[in-house]
Structure formats: C-alpha cells, structure tokens
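First up is the structure itself, then whatever we jot down about it.
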Amino acid sequence: MKSMARAAVAVFTGVLPLLSGAVSPFISKVYDYKPAPGQFINTMPAWNDGQSSQDVLDAAQEQLAGSATPGMICLGAFGGYVVFGFDHPLVNVRGEYDLKIYGNAFISDKELNGGSCEPGVVWVSRDTNGNGLPDDVWYELAGSECDSEATVHNFTIVYHKPADNHTAVPSPDDRAITDMRYIRWTSDLPSRPEGYIQANSFHRQSYWPGWCGDETLEFSGTLLPGNAVDLSGTGKSWVTCAFGEGYVDNIPNADDHGLKLDWAVDGQGNHVWLPSVDFIKVQSGMLQNTGWLGETSTEVCGAEDLHPEAVAETSGCGNVFADSTVPQAWMGRDGNLWLEADSSLPVNVYTVTGIRIFSGQTVGGVQSVPVGQHALYIVEIGNHRRKLSRRPY
C-alpha cells in the first residue's frame, strides 16, 4: 500500500492532470546495475581498478538520468539488468503506450528485419511495502515472444569467473575470436546445460565485472528465442533480427511505439492490472554468440514516461475503494478477482444472490482469486465490503 497521506482520495475512473508541481518524464534514479559478463562490460560505463559497485552505480546514473538519451550502458549477456525509476509513479493509461526505453538497435537488412537487435525483457514493480526500494513483486511486460514455445520462463544461469591462469582457446576458423572458452556458464535447462561467452580481438579488457569479487554470478529471468542469422553460412556475416514489440533495444528508437503497462503478467503468466508502477527493470534476454560480433547484449540509453502528468485509476474496472489505505479489489483481464492488502485479513466472495463462492485470507500484498464467470460479486475483506462487476475488455 502507498502512504497514509493518500487516504480519503477521490475515486478516479480515468486519468486527470496533476494539480501539484511539474514532474520529469525522464529517469530520476538508478537503483541497481548488475550486468552479466560481456564484451562491453567495464567500458559502458567505464570501470577503473579500485572503483566500487557504488561508483559503477553512480556512473550508470550519470549515463541514464535526466534526459531521453543521455548516455548508454551495457547489460552484458543473458540476465544482466538495470533497475530505475522516475520522480513519480509511472501511470497505466488504458490502451496507451506508457513508457519508452531507448536502446541502440538498427536495421540493415529490411528483408529479414534485422541488423543489430538485442532484445531486453522489461519488468515492473509497485512499491507495495512503501519503503522506496525495489524489493517487491516483479511483473513481466509480456512482449510478442512471451507465449512462444521457444521462450523459456524462469530460466536460471550461473557464470563462472575465469581463473587467473586461464589459457585462451582461439578459434581455428576465425582469428577474430581469441577465446572460444572464455567465460563458462551453466544453466538449469537440460537442452542447454552449459556453454561459453567468447572473447574477441576487438575488446581485450576483462569481460567479468571488475567490481564484482564473486567467483560466480547467477541470474534468473525470461530467455528469449535466438534471433541471429548467419548470412554467409561461414560465421563471417551476421544479423540479429527484431521481434514484434514489447522489448528494449529490439527495433530502432524512431520505430518503437513503446511499452504498455497493460501487458503486465504475474509469475504464472496471468495478466494483472497495475494502476501504476514505481520501478522498472530491463534485463538482457538473449544467450547467443554471433561469431566475431560477440555475444548478444542489451544496451539501454535512457527512458521516458509518455504521460508524466497522468494520475492512476484507483482500480482495474472503475469499482474502487475511495480510501487507498484500505484493502483493494478489482477484476483483472485474466478473469480473476485481484486483491491487495497490507496484512492477513479474512476474505469472502459472494454472488449477487448471496451464494459464497470463495473464503480465505489475504496474504499481505497482491494476489488473485479465481471466482468463475458470474456477472456481479460481493467482496468482503475484513470489515470492508464492495460490489464488483465483470467487465469485458
């Protein structure tokens, strides 16, 4: 729940302009930066020996905050991520694109719709516990590949730091690849149990984050299908192809309409209604080497709130509690009833004729309750009661 200062607010069924001071449409704060190994790590942003993780976080802040495209950072191979936010909640405006995150993708082959496209997955979170930190539940913005059979959800990878006496294994077929077995990775996917991030002659610095003293780095997230095409058939000419929409660094910025909070899904793939979010995470979604071009790694150049002066709807369907400090309930696009409460409270759901169809407890946070296909519901959470209607979307 948000702070008590928002109590007794009016019920909004649409989006209204803010009455208070102006807000910035651009990134205000970078909360976390944890890249996976890659050929641009320690250079975007630059790291110097002796600098700490806080120094690198400050550098990422300098590269991303304050304008639409102030600079650029690299997230490395699969799993690397950055977490940022604005100086206000990012509002979900129904049916509209809410957010644009800039990358450096380009198209060089119109027939394949490919060139340099390195898609990153976007996650969003609400500050449910009100502590101002991105430590609440994350929801994925479901892009065009979310339901693809080739997409792997909840994929976990572990990168292993090369030993100080590591011996490089150059490619016998491509002298630009200076080490085919540079950084080993292992995963929980039986069909891809292990592999390597390769090193190339164009980037000779360490690909392991220099400020990280750990011997392993672990990441979990959504692994997107491979998008690389070898035009030459010999590993000499590569393009990486764009997906439909819903990703960062996937298509040129000029062609990218942006992202919709309407696309948010929970860990089971169910669509959820988020009136607004406080934190955004971009995570590198690819795990592939493309010859002398190196690993596919998402770059982020900045972000923009596409309607910074919007105010959130208080519910997913217009039937809301006026007091935002009490438990909330709404009907989601997935057909489930969604609840939010700070603590454990008794819940009862009835049909309009008084038949109880659900009885249970809130869990402290956001949760879904399957309630069938009735037209009207009476929802009791603790001492609060509300009538909700199923609304077609």
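For the range 41-64, state whether one or more residues are within 22 Å of LYS260 (Cβ to Cβ) and modelled with pLDDT of 95 or more.
Yes: the range 41-64 contains one or more residues that are within 22 Å of LYS260 (Cβ to Cβ) and modelled with pLDDT of 95 or more.
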Out of (1) over 28 Å from the mean Cα position of the chain (by Cα); (2) at pLDDT below 95, what's the single condition that is false for PHE202?
(2)
Within the range 147-188, track down each residue that is in a strand (DSSP E or B), more than 15 Å from ALA199 (Cβ to Cβ) and out of contact with any Pro (no Cβ under 7 Å at 6 or more places or on another chain).
VAL152, HIS153, ASN154, PHE155, THR156, ILE157, VAL158
In the set GLY233, GLY143, which member is touching a residue at least 40 places away in the same chain (Cβ under 8 Å) and among the small types (Gly, Ala, Ser)?
GLY143
Condition first: within 27 Å of ASP305 (Cα to Cα), among the hydrophobic types (A, V, I, L, M, F, W, C) and buried (at least 16 other Cβ atoms within 10 Å of the Cβ). Now tell me which residues in the range 43-71 satisfy that.
MET44, VAL56, LEU57, ALA59, ALA60, LEU64, ALA65
Could you pull out every one of the strands (runs of 3 or more DSSP E) wholly within the range 17-115 that has 2 or more residues that are among the β-branched types (Val, Ile, Thr), farther than 30 Å from LEU231 by Cβ and in contact (Cβ under 8 Å) with a residue 40 or more places away in the chain?
81-85
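So which residues in the range 333-355 are surrounded by 15 or more Cβ atoms within 10 Å (Cβ to Cβ) and either in a loop (DSSP other than H, G, I, E, B) or at pLDDT 85 or above (or both)? Outline the logic, then answer.
Residues of the range 333-355 surrounded by 15 or more Cβ atoms within 10 Å (Cβ to Cβ): 333-342, 345, 347, 349-351.
Across the range 333-355, the qualifying residues are ARG333, ASP334, GLY335, ASN336, ASP342, LEU345, VAL347, VAL349.
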Scan the range 96-119 and tell me whether some residue there is modelled with pLDDT of 95 or more, within 15 Å of the chain's Cα centre (by Cα) and of a type in the set (A, V, I, L, M).
yes
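What about PHE358, is it modelled with pLDDT of 85 or more and more than 30 Å from TYR33 (Cα to Cα)?
On the way: modelled with pLDDT of 85 or more: yes; more than 30 Å from TYR33 (Cα to Cα): yes.
Here the answer is yes, as PHE358 does meet what is asked.
Yes/no per residue for (1) in contact (Cβ under 8 Å) with a residue 40 or more places away in the chain; (2) surrounded by fewer than 19 Cβ atoms within 10 Å (Cβ to Cβ); (3) of a type outside the set (A, V, I, L, M, F, W, C); (4) farther than 30 Å from LEU133 by Cβ:
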site	(1), (2), (3), (4)
ASP249	yes, no, yes, no
ASN270	yes, yes, yes, no
VAL277	yes, no, no, no
VAL282	yes, no, no, no
GLY285	yes, no, yes, no
GLU295	yes, no, yes, yes
GLY302	yes, no, yes, no
ASP305	yes, no, yes, no
Consider LEU141 against the criteria (1) in contact with a helix residue (DSSP H, G or I) (Cβ under 7 Å, 6 or more places away or on another chain); (2) closer than 30 Å to LEU231 by Cβ; (3) not polar (S, T, N, Q): it satisfies all of them except one. Which criterion is unmet?
(2)
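Of these, ALA199, ALA228, which one is surrounded by 15 or more Cβ atoms within 10 Å (Cβ to Cβ) and either within 30 Å of PRO275 (Cβ to Cβ) or touching an Asp or Glu at 6+ places or on another chain (Cβ under 8 Å) (or both)? Steps first, please.
Numbers: ALA228 fails: either within 30 Å of PRO275 (Cβ to Cβ) or touching an Asp or Glu at 6+ places or on another chain (Cβ under 8 Å) (or both).
So the residue among ALA199, ALA228 that is surrounded by 15 or more Cβ atoms within 10 Å (Cβ to Cβ) and either within 30 Å of PRO275 (Cβ to Cβ) or touching an Asp or Glu at 6+ places or on another chain (Cβ under 8 Å) (or both) is ALA199.
Can you name every residue in the range 198-257 that is among the small types (Gly, Ala, Ser) and closer than 23 Å to PRO35 by Cα?
Selection gives ALA199, SER201, SER206, GLY210, GLY213, SER220, GLY221, GLY226, ALA228, ALA242, GLY246.
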Any idea which of (1) out of contact with any strand residue (DSSP E or B) (no Cβ under 7 Å at 6 or more places or on another chain); (2) modelled with pLDDT under 95; (3) at negative phi is the one VAL91 doesn't satisfy?
(1)
I want to confirm something. Restricting to the range 361-393 and keeping residues that are of a type in the set (A, V, I, L, M, F, W, C) and crowded, with 16+ Cβ neighbours inside 10 Å, which single residue is modelled with the lowest pLDDT?
LEU388
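Of the residues SER67, SER116, which single one is touching a strand residue (DSSP E or B) at 6+ places or on another chain (Cβ under 7 Å), of a type in the set (Ser, Thr, Tyr) and more than 24 Å from LYS29 (Cβ to Cβ)? Give the derivation first.
Working: SER67 fails: more than 24 Å from LYS29 (Cβ to Cβ).
Among SER67, SER116, only SER116 is touching a strand residue (DSSP E or B) at 6+ places or on another chain (Cβ under 7 Å), of a type in the set (Ser, Thr, Tyr) and more than 24 Å from LYS29 (Cβ to Cβ).
Residue-wise test of (1) touching a Ser or Thr at 6+ places or on another chain (Cβ under 7 Å); (2) surrounded by 13 or more Cβ atoms within 10 Å (Cβ to Cβ); (3) not assigned by TED's automatic domain parsing to the domain that holds LYS236.
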{"position": "PRO134", "(1), (2), (3)": "yes, yes, no"}
{"position": "GLU140", "(1), (2), (3)": "yes, yes, no"}
{"position": "THR151", "(1), (2), (3)": "yes, yes, no"}
{"position": "ASN165", "(1), (2), (3)": "no, no, no"}
{"position": "ILE183", "(1), (2), (3)": "no, yes, no"}
{"position": "PRO193", "(1), (2), (3)": "yes, no, no"}
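Can GLY80 be described as within 19 Å of LEU306 (Cβ to Cβ) and touching a strand residue (DSSP E or B) at 6+ places or on another chain (Cβ under 9 Å)?
On the way: within 19 Å of LEU306 (Cβ to Cβ): no; touching a strand residue (DSSP E or B) at 6+ places or on another chain (Cβ under 9 Å): yes.
No: the conditions fail for GLY80.
The values are calculated or read from the model by the stated rules, or taken from the named source; none is laboratory data. Keep in mind it's a predicted model, so treat the numbers as computed, not measured. Cβ sites come from the backbone with ideal geometry, for glycine too, and all protein chains shown count toward neighbours.
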